[in-house]
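Step one of this worksheet: look at the structure below.
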Amino acid sequence: MSDLSLPFDTRYLPVKKFHHEYRRSIEQPEEFWAEQARQLDWFRPWDKVLEWDPPFAHWFAGGLLNASHICVDRHIKHWRRSKVAIYWEGEPGDTKVLSYSTLYNEVNRFAAMLRNRGIGKGDRVALYLPMLPELPIIMLACARIGAPHTVIFSGFSAQALADRVNDVGAKLLVTADGGYRRGKTIPLKTVVDEALTMCPTVESTIVVRRANIPVSMKPSRDFWLDDLLEQEAPYIAPEPVESNHPLYILYTSGTTGKPKGIVHSTGGYMVHNYCTYKWAFDIREESVYWCSADVGWVTGHSSIVYAPLAHGAAIVLYEGAPDYPNVDRWWHIIDKYGVTIFYTSPTAIRMFMGYGEKWLAKHDLSSLELLGSVGEPINPEAWVWFYRHVGGERCPIVDTWWQTETGGIMISPAPGIECVPLKPGSATLPLPGVDADVVDESGNPVPPETRGLLVIKKPWPGMLLGIHGNPERYQQAYWSRFPGIYYTGDYAVKDRDGYFWMLGRADEVLKIAGHRIGTAELEDAAISHAEVAEAAVVGKSDPVKGESIVIFVRIKEGSSPTQDLKQAIIKHMRQVVGPIATPDAVYFVTRLPKTRSGKIVRRVLKAVAENTPIGDVSTLEDEAVVEEIIKIYQELKQVQEVK
């Protein structure tokens, strides 16, 4: 841990106001959150702030509201109607600018289109789109009519897409003919066509024209978006939905092969995000806010769509790769649009560190006022580089910790209230209303400077409603380890000042470039290859991506452990899960380290991959297997070093 504190403008110090707000939120949580919720528009006020039947929470019970109304309608009632809502830039360089009045008109037209396709309150809509303006527009249109959406990352394969569409039971799917990535055209509609052969619930597919490439259109199922919008009504009244009505379902990988459909409410989620983004980013009327995440992940939901638009901020939406066609593309965008708040991942920061500062010098970044980090723990070296070379030693860094399940930011500096002194590499302190702690295996708080498990001891408004269709899994995954307490699955340390330092996952989930991928899902993909008998996946520290995938494979009898088979397995995993599932290394073994009960001991494999001490192997069924794995790994490593 770093003990380096950096001074900032005196308006951020002292921190008495922050500590007062935090104590009030913990001691009087219902009074505190009711006060925050009144900042949003409600069609009907709530009867009760919180109904808590552990582990199920119902925030603002009885209240009626609509997320689309909060993000769009209320801004067109005054001068904000002519303010920029979205600056969009495509990878090829094409651009669009949408004012709040234009966004309002488009959301209404899209909502009418959805209704005319038979979508109503409670129907699920799947979105498989690149980073186009149509993506947030359709999300808001779904919210407008009370139809929960599920956004599926456009890098996923047909099988992964189908798995998520089927689990949610989507009635309609929205995609594009294609998208752009590093100058190449990605044929999204082709992927969708393959997925839909496995998706019986989908009745209609709406296709956005983007890449202008030939696609197959199935009569009576597939429709071009622009053809449908020509005839739509100019206004659809926002559907008042109960606070607990699902706003969206977003899939995240866990420790079992099947991804979890995380369900978020409308009322609690919107209140939590409206407040935490005000606290963390100090959003103002003049803010130009850019979160570089993909909307296919929770960061994109909260940080690109619902929180900044609820504040009436101008957001930047970029379609392409961060370093294409040149490595200064992001710095060009910040300069071009006068970005004031820039929120990105440690993976990206480390990548740009490798390119050097000369690319930054080509652009004027003086508009920046605040920087943010999200997705994984940021190492102090990357933090300091970001502060010095991107922020010009004038911008506080908001290092945020949160999860798909939490819905919004939980631990972070709070310059929107009063900024505590910062420590490079630390997410600092829990935000108001977040009762976080670090505990041991028995649930007891650990002393300062001691690694433990991060937990949240009280419900918060942005918390997930549950796992779609599986309340038992929700209970088991998050609440069974410490009854009545939310288990995050992360390791952390609290220092003597109470600052939190995140140490990564404690369960079997990898963080690759800020994206969570379950080891079980990756192993299932590998095992589905015809020549693979068993597979075990571990993460290896990567200076850019945070973690990379290392897979140990036992092949079936009669197969040969060739280089061609390695490449075939890699290709297969990309096809089954998507490019994010590409292993950095594949090792063939004759046995995997297992306990006597048959459980694979990934700790041993991770130690081998990381070249760290293996520790106790007495629980293994056959300790000799470790020697074989070490020998294979060292031999391959020597070959790589020679090359």
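At a glance:
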read-out: Pairs where the first residue, in the stretch 430-442, is under 15 Å from Gly498 (Cβ atoms) and outside any strand (DSSP E or B) and the second is among the polar types (S, T, N, Q) and at pLDDT below 95, C-beta under 6 Å, 6+ apart; value: none
read-out: The listed residue being in the same structural domain as Arg221 (by TED's automatic domain parsing), over 29 Å from His332 (Cα atoms) and touching a Phe, Trp or Tyr at 6+ places or on another chain (Cβ under 9 Å), out of Arg117, Arg124; value: Arg117
read-out: Single unsatisfied condition, Ile409 versus (1) touching a residue at least 24 places away in the same chain (Cβ under 8 Å); (2) farther than 30 Å from Gly578 by Cβ; value: (2)
read-out: Restricting the stretch 364-382 to residues that are crowded, with 23+ Cβ neighbours inside 10 Å and touching an Asp or Glu at 6+ places or on another chain (Cβ under 7 Å), the residue that is farthest from Asp328 (Cα to Cα); value: Ile378
read-out: Subset of the stretch 69-92 [closer than 30 Å to Ile186 by Cα and in contact with a Leu (Cβ under 6 Å, 6 or more places away or on another chain)]; value: Ala85, Ile86, Trp88
read-out: Members of the stretch 90-114 found to be out of contact with any strand residue (DSSP E or B) (no Cβ under 7 Å at 6 or more places or on another chain) and either surrounded by fewer than 19 Cβ atoms within 10 Å (Cβ to Cβ) or of a type in the set (Val, Ile, Thr) (or both), listed by number; value: Gly93, Asp94, Ser101, Thr102, Asn105, Val107
read-out: Residue check for Phe110: part of a strand (DSSP E or B) and either in contact with a helix residue (DSSP H, G or I) (Cβ under 6 Å, 6 or more places away or on another chain) or within 25 Å of Leu188 (Cβ to Cβ) (or both); value: no
read-out: Selected residue (only one of Glu405, Glu393 is surrounded by 17 or more Cβ atoms within 10 Å (Cβ to Cβ) and either assigned to a loop (DSSP other than H, G, I, E, B) or more than 21 Å from the chain's Cα centre (by Cα) (or both)); value: Glu405
read-out: Total residues in the stretch 443-452, condition at pLDDT 95 or above and either aromatic (Phe, Trp, Tyr) or assigned to a strand (DSSP E or B) (or both); value: 1
read-out: Residue tally, condition part of a helix (DSSP H, G or I), in contact (Cβ under 8 Å) with a residue 24 or more places away in the chain and aliphatic (A, V, I, L, M), over the stretch 513-570; value: 7
read-out: Residues of the stretch 37-84 that turn out to be assigned to a strand (DSSP E or B) and without any contact (Cβ under 8 Å) to a residue 60 or more places away in the chain, as a count; value: 4
read-out: Test for Thr590: is it modelled with pLDDT of 80 or more and loosely packed, with under 13 Cβ neighbours inside 10 Å; value: yes
read-out: Qualifying positions in the stretch 408-450 - over 23 Å from the mean Cα position of the chain (by Cα), surrounded by fewer than 19 Cβ atoms within 10 Å (Cβ to Cβ) and among the acidic types (Asp, Glu); value: Asp440, Glu441, Glu449
read-out: Qualifying residues in the stretch 488-530 (those that are buried (at least 20 other Cβ atoms within 10 Å of the Cβ) and among the aromatic types (Phe, Trp, Tyr)) - the one nearest to Leu565 (Cα to Cα); value: Trp501
read-out: Cross-chain or 6+ apart pairs with Cβ under 7 Å, the stretch 301-318 first and within 14 Å of Phe281 (Cα to Cα) and modelled with pLDDT of 95 or more, then among the acidic types (Asp, Glu) and outside any helix (DSSP H, G or I); value: none
read-out: Subset of the stretch 173-186 (residues that are surrounded by fewer than 24 Cβ atoms within 10 Å (Cβ to Cβ) and either modelled with pLDDT under 95 or assigned to a strand (DSSP E or B) (or both)); value: Tyr180, Arg181, Arg182, Gly183, Lys184, Thr185, Ile186
read-out: Residue match in the stretch 531-545 (condition: farther than 23 Å from Ala477 by Cβ, assigned by TED's automatic domain parsing to the domain that holds Ile630, at pLDDT 90 or above and not aliphatic (A, V, I, L, M)); value: yes
read-out: Residue that is nearest to Leu161 (Cα to Cα) [pool: residues in the stretch 554-574 that are hydrophobic (A, V, I, L, M, F, W, C) and touching a Leu at 6+ places or on another chain (Cβ under 9 Å)]; value: Met573
read-out: Test: residue in the stretch 225-248 that is under 22 Å from Ala176 (Cα atoms) and polar (S, T, N, Q); value: yes
read-out: Residues that are among the hydrophobic types (A, V, I, L, M, F, W, C) and at pLDDT below 95, drawn from the stretch 483-508; value: Ala492, Val493, Trp501, Met502, Leu503, Ala506
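The values are calculated or read from the model by the stated rules, or taken from the named source; none is laboratory data. Because the structure is a prediction, the values reported are computed rather than measured. Counting neighbours? That spans all protein chains shown, and the Cβs are built from the backbone with ideal geometry, glycine included.
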